[in-house]
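Below is one structure, written out as structure tokens; comments come after it.
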Amino acid sequence: MFEFDEATTLTSLGDGAYSTPIHDRWDINGNANGGYLLSLATNAMRAASGRAHPISVTMHYLSPGPAGNGVTTTKVMKAGKRFATVAGTLSQDGRDIATALGVFGDIDSSIPPHSVTMERIEIPAYEDCVPRQVSPNPDGGTPMGLGSRLEMRIHPDDTGFARGEPTGQALCRGYFAFKDGRPVDTLSLLLAADAFPPVMFNRFGMIGWVPTVEFTVHVRGVPAPGPIACAFSSRVIQGGMWEEDGEMWDSEGQVVALSRQIALAPQVPKQQ
């Protein structure tokens, strides 16, 4: 079994509830990554829907989610001919961590009419981009955190934050893939949408934790084999919050997902 499939495994508890344990090494500094939590709860919601793919899922984050037990309670709000709408809440030890609402159904990007006016991401080949740094294990064992599960590359022009030299532009581009070779599917696109360094780091530097408040992913296609090209940017950082918009393209040049999230922003010196 691939690592992501194991980490999103669920067991039905009856009455729309599923055991969805939160696995370790899908975290950022001890708290499960928001895209992983979205994928975990969405997998349970998808099971409840009886449909093949997530079409649009929005999650609101209520509290951090460390590794440990977890239960996702689902409710089918409507099951129509084409789509099913399902609500889900992920909890741990009686504490709600996140709540979501999603639409599920079939995806066929060839259905007309067809018009894509977005320009594809300008990015070097996967081999020419910079591998994302992985947090070492202080005990010398398996590397820590989300990055240890992924084989990601960052656009050479967008790596300044990691050297303490932010570019000044809230932008991060690169490729998403799994280290164990798992193909990227419609469920793991939800993880890809939150796996990159926050674009705020390239605007202000690595200034601290930037927890997500709300996160939405629209799945637009079933990915072709190969790494997913991604671009994330922000146009509004103010009032202690920032938004991040994402676009994801597969190896055949198809738009496979779009995302938007809003997150809390640490304070930075006013002169920046």
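Just to be sure before I move on: is residue 148 in contact (Cβ under 8 Å) with a residue 40 or more places away in the chain and more than 26 Å from residue 218 (Cβ to Cβ) in the structure I sent?
yes
If you scan segment 169-200, which residues turn out to be assigned to a helix (DSSP H, G or I), within 20 Å of residue 126 (Cβ to Cβ) and in contact with a helix residue (DSSP H, G or I) (Cβ under 8 Å, 6 or more places away or on another chain)? Steps first, please.
Let us first name the residues in segment 169-200 that are assigned to a helix (DSSP H, G or I), namely 189-192, 200.
From the residues that got through so far, the ones that are within 20 Å of residue 126 (Cβ to Cβ) too are 189, 191-192.
Within segment 169-200, 191, 192 meet the criteria.
Kindly provide the set of residues from segment 232-265 that are under 18 Å from residue 54 (Cβ atoms), assigned to a loop (DSSP other than H, G, I, E, B) and not polar (S, T, N, Q), ordered by number.
Correct list: 250 only.
Which residues, counting only those in segment 92-126, are among the polar types (S, T, N, Q) and either closer than 11 Å to residue 45 by Cβ or within 19 Å of the chain's Cα centre (by Cα) (or both)? Break it down stepwise before answering.
Taking segment 92-126 and keeping what is among the polar types (S, T, N, Q), we get 92, 99, 109-110, 115, 117.
The one that is among the polar types (S, T, N, Q) and either closer than 11 Å to residue 45 by Cβ or within 19 Å of the chain's Cα centre (by Cα) (or both): 99.
Going by the structure shown, is residue 235 open to solvent by 40 Å² or more (accessible area, probe 1.4 Å) and closer than 20 Å to residue 184 by Cβ?
No, not satisfied.
Go through segment 5-62 and tell me which strands (runs of 3 or more DSSP E), entirely inside it, have 2 or more residues that are in contact with a Ser or Thr (Cβ under 8 Å, 6 or more places away or on another chain) and among the β-branched types (Val, Ile, Thr).
Qualifying strands (runs of 3 or more DSSP E): 53-61.
Just checking, does segment 102-125 include any residue being assigned to a loop (DSSP other than H, G, I, E, B) and within 24 Å of residue 212 (Cα to Cα)?
no
Could you please let me know if residue 203 is of a type outside the set (A, V, I, L, M, F, W, C) and part of a helix (DSSP H, G or I)?
Working: of a type outside the set (A, V, I, L, M, F, W, C): yes; part of a helix (DSSP H, G or I): yes.
The answer is yes for residue 203.
Look at segment 1-20 and say how many of its residues are under 23 Å from residue 146 (Cβ atoms) and either surrounded by 12 or more Cβ atoms within 10 Å (Cβ to Cβ) or among the hydrophobic types (A, V, I, L, M, F, W, C) (or both).
Residues in segment 1-20 being under 23 Å from residue 146 (Cβ atoms) and either surrounded by 12 or more Cβ atoms within 10 Å (Cβ to Cβ) or among the hydrophobic types (A, V, I, L, M, F, W, C) (or both): 12 in total.
The values are calculated or read from the model by the stated rules, or taken from the named source; none is laboratory data. Worth saying up front: this structure is predicted, and the values here are computed from it rather than measured. Ideal geometry is used to build each Cβ from the backbone, glycine not excepted, and the neighbour counts take in all protein chains shown. Note: accessible area is taken over every heavy atom of the protein model, side chains too, but ligands, DNA and RNA are not part of it. Shrake-Rupley method; radii C 1.70, N 1.55, O 1.52, S 1.80 Å.
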